[in-house]
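> If you scroll down you'll find the structure; I have some questions about it.
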Amino acid sequence: MSPVFAIRVIFFLDGLIIAKWLPHLPDIQAHLGLDVGQLGLALAALPLGIMASLPLVGTFLISRFSERATIRISFFWLALTSILPGLAWDLPSFAVALFFYGSGIAGVEVAMNATADAVEARAGRRIMSSCHGLWSVGNLTGAALGSLALALHLDVMVTLTVAAPILMALAYVSTGRLGTSPISSAPGPAFALPDFPLLVLCLLAFCACVLEGAMADWAAVYLRIEHGAQAALTGAGFGIFAAVMAGTRLAGDRLVDRVGPVFIARCCGVSGLLGLLVIWLAPGVWAALAGFALMGFAASLIFPISVTAAARQPGRSAAMNIASLSLICFSGYVIGPPVVGFIAGLVGLRGALACLVPFALGVLLLAPRLQPRAAASAA
């Protein structure tokens, strides 16, 4: 197994383990007796766990362990904490479970992106977008498995418990060909807040992450509440969203080489505006699914393009820049769920999702920040 193939497998497994429980979200909501506002508040705990853990990832993992060891340690914790949401018995326990689950996601997030950047540099060709494409394929697979489990009337606890050790073993085996040197060997702290040029770049990715997080967290609930979708179909919105993301990302390396990152980002912004409009006006499930497809393209390439741009920022290590980018981006997941949930309590979930238009507009307006600048190269 080559290092390129190995890191792609890790992206796939990470996407799968994150998405496999999402189709169960409406049933967890019903089991815990949560309204949309309470559900949005609980969902915010997951990205809060990610953000709280990112500095620890830099301090205790990235700067001390190899590519192989960092991914194995972080994936072990991710697989273990992925079981916790199924054990929740009320709102506080569900929020705590998601917080610890987020801490597992944080380690894998930084480790796999920093490793992908290192493998990309050694291979001498773009692989970042296709890696994120396989992450989206993992999302799609996880959503499909979750929907299948619902159709078979399997309890969420059963599916989460059975999946965790299998995914853990696959991650351990697939990392055998990754590097044995520390991911970050640059002097200085392993984590630092971004400087202004990197901060502006982070804002672009932040807007895309708000859109992505809103679709991931609310697609199944939206189809159930607004269109009365049956249990087996509630995962279809997120599944189509993830499928379009996957297809676009798998072709993304070639697209970026052909037309450039700025044009791609502008297309993503326009697609986001159209997708939110369709979801708002959708008269039924199938029209809504078309809107989720447009949102899949909107959220597809911004983050992987931004990761590569951040890793190439001068003056600091790639791992540090990626950790800083991740901190800002995942704050979008913190803001998105409770804001959508709060607005949904006032105007309904359909109107709440339409209120995400400023973030799609942000992607469109900030797209020129991805243009390589001569000044940056000279610096």
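The values are calculated or read from the model by the stated rules, or taken from the named source; none is laboratory data. Just so we're clear, the structure is a prediction, and the values are computed from it rather than from any experiment. We place every Cβ from the backbone using ideal geometry, glycine too, and count neighbours over all the protein chains shown.
> Just need a number here: residues in region 235-285 that are farther than 30 Å from Gly124 by Cα and part of a helix (DSSP H, G or I). Spell out the reasoning first.
Taking region 235-285 and keeping what is farther than 30 Å from Gly124 by Cα, we get 235-241, 270-285.
Now restrict to residues that are part of a helix (DSSP H, G or I): 236-241, 270-281, 285.
Matching residues across region 235-285 total 19.
> Does Ala118 satisfy the condition of being of a type in the set (A, V, I, L, M), farther than 22 Å from Ala352 by Cβ and free of Cβ contacts under 8 Å to residues at least 60 places away in the same chain?
On the way: of a type in the set (A, V, I, L, M): yes; farther than 22 Å from Ala352 by Cβ: yes; free of Cβ contacts under 8 Å to residues at least 60 places away in the same chain: no.
So Ala118 does not fit the description; no.
> Then there is this: Run down Ile302, Ile322 and say which single residue is buried (at least 23 other Cβ atoms within 10 Å of the Cβ), within 20 Å of Ala214 (Cα to Cα), out of contact with any Lys or Arg (no Cβ under 8 Å at 6 or more places or on another chain) and of a type in the set (Val, Ile, Thr). Talk me through it step by step, then tell me what you get.
On the way: Ile322 fails: within 20 Å of Ala214 (Cα to Cα).
From the options Ile302, Ile322, the qualifying one is Ile302.
> Okay, next question. Does Val96 satisfy the condition of being among the β-branched types (Val, Ile, Thr) and farther than 26 Å from Val158 by Cα?
Values: among the β-branched types (Val, Ile, Thr): yes; farther than 26 Å from Val158 by Cα: no.
So Val96 fails the test.
> Moving on to the next point. Can you name the residue in region 331-343 that is of a type outside the set (Val, Ile, Thr) and in contact with a Gly (Cβ under 8 Å, 6 or more places away or on another chain) and is also farthest from Ile105 (Cα to Cα) among such residues? Please lay out each step first, then the result.
So in region 331-343, the residues of a type outside the set (Val, Ile, Thr) come out as 331-333, 336-338, 341-342.
Next, from what is left, pick out any that are in contact with a Gly (Cβ under 8 Å, 6 or more places away or on another chain): 332-333, 336-338, 341-342.
Numbers: Gly332: 15, Tyr333: 13, Gly336: 18, Pro337: 17, Pro338: 20, Gly341: 23, Phe342: 25 Å.
Among residues in region 331-343 that are of a type outside the set (Val, Ile, Thr) and in contact with a Gly (Cβ under 8 Å, 6 or more places away or on another chain), the one farthest from Ile105 (Cα to Cα) is Phe342.
> Here is a follow-up. Which one is surrounded by the fewest Cβ atoms within 10 Å (Cβ to Cβ) among residues in region 235-250 that are at pLDDT below 85 and under 15 Å from Ile279 (Cβ atoms)?
Across region 235-250, the extreme among qualifying residues is Ala236.
> For Gly102, only one of the following conditions fails: (1) at pLDDT 85 or above; (2) farther than 20 Å from Ile335 by Cβ. What is its number?
(2)
> On the basis of being touching a strand residue (DSSP E or B) at 6+ places or on another chain (Cβ under 9 Å) and within 25 Å of Val137 (Cα to Cα), does Glu67 make the cut? Working first, answer last.
Numbers: touching a strand residue (DSSP E or B) at 6+ places or on another chain (Cβ under 9 Å): yes; within 25 Å of Val137 (Cα to Cα): yes.
When the stated conditions are applied, Glu67 passes them.
> For region 135-158, indicate whether the set of residues that are modelled with pLDDT under 85, out of contact with any helix residue (DSSP H, G or I) (no Cβ under 7 Å at 6 or more places or on another chain) and not hydrophobic (A, V, I, L, M, F, W, C) is non-empty.
yes
> Could you give every pair whose Cβ atoms fall below 8 Å, whose first residue belongs to region 144-163 and is closer than 14 Å to Ser82 by Cα, and whose second residue is of a type in the set (Lys, Arg) and buried (at least 22 other Cβ atoms within 10 Å of the Cβ), counting only separations of at least 6 or pairs across chains?
Going by the 8 Å Cβ cut-off, the qualifying pairs are Gly146/Lys20; Thr159/Lys20; Leu160/Lys20; Ala163/Lys20.
> If you go through region 23-38 one residue at a time, do you hit one that is outside any loop (DSSP other than H, G, I, E, B), within 25 Å of Ala323 (Cα to Cα) and touching a residue at least 40 places away in the same chain (Cβ under 8 Å)?
No, because not a single residue in region 23-38 is outside any loop (DSSP other than H, G, I, E, B), within 25 Å of Ala323 (Cα to Cα) and touching a residue at least 40 places away in the same chain (Cβ under 8 Å).
> Among the residues of region 222-234, count how many are at pLDDT below 85 and part of a helix (DSSP H, G or I).
Initially, region 222-234 is screened for residues at pLDDT below 85, giving 224-234.
With the extra rule that they be part of a helix (DSSP H, G or I), the set shrinks to 224-227, 231-233.
Final tally of qualifying residues: 7.
> Here are Asp253, Asp195, Asp257, Asp217: which of them is acidic (Asp, Glu), under 22 Å from the mean Cα position of the chain (by Cα) and modelled with pLDDT under 85?
Details: Asp253 fails: modelled with pLDDT under 85; Asp195 fails: under 22 Å from the mean Cα position of the chain (by Cα); Asp257 fails: under 22 Å from the mean Cα position of the chain (by Cα).
Only one candidate qualifies: Asp217.
> Go over the candidates Thr159, Thr141 one by one and state the one that is within 15 Å of the chain's Cα centre (by Cα) and part of a helix (DSSP H, G or I). Quick ask: steps written out before the conclusion?
Numbers: Thr159 fails: within 15 Å of the chain's Cα centre (by Cα).
From the options Thr159, Thr141, the qualifying one is Thr141.
> Continuing with this model, one more query. When both residues are 6+ apart or on different chains and their Cβ atoms are under 8 Å apart, which pairs have a first residue that lies in region 89-108 and is crowded, with 18+ Cβ neighbours inside 10 Å, and a second that is among the acidic types (Asp, Glu)?
Matching pairs, first to second residue: Ile105/Asp14; Val108/Asp14.
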